[in-house]
Amino acid sequence: MSDLDDLEEIADQAKWSFGGHRSRKSFPLKCSHGHAMTPENTRIQKQNGYVKRKCRECGRIAAREYYARQQAARTSPAPPR
């Protein structure tokens, strides 16, 4: 059984655990950047009564980019007045 088959099985199980049929888009196998949406790489976030699934790897990348921007802003010389 391949990893893709395992993910499809997990998605099918999750679909029925929410109490009804959901569209395929509700349980994507990959995030918009192509990272696998495995249980280890998925963060569940409850927001305004909805459950959202977020990719942890995308979150790590965003955090690294934010940190790099903050460091660059601190080390760059102040603009002349």
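A few comments on the model shown:
- Remark on T42: its backbone amide H falls under 5 Å from those of R56, a criterion applied only to residues 5 or more positions apart or on other chains, H modelled at 1.01 Å from N.
- Proximal charge balance of R43 [Cβ under 12 Å; K/R count +1, D/E count -1]: +4
- Amide hydrogen neighbours beyond the local backbone of M37, cut-off 5 Å, H modeled: K30, C31
- Neighbourhood charge, 12 Å Cβ-Cβ cut-off, centred on Y67 and excluding it, Lys, Arg +1 and Asp, Glu -1: +3
- The ranking of E57, E65 from fewest to most other beta carbons within 10 Å of each one's beta carbon is E65, E57.
- In terms of other Cβ atoms within 10 Å, R53, R69, R74 run from fewest to most in the order R74, R69, R53.
Bear in mind these aren't lab numbers, they're just calculated from the coordinates by the rules spelled out. No experiment lies behind these values; they were computed from the predicted model shown. No Cβ is skipped: glycine too gets one built from the backbone with ideal geometry, and neighbour counts run over all protein chains shown.
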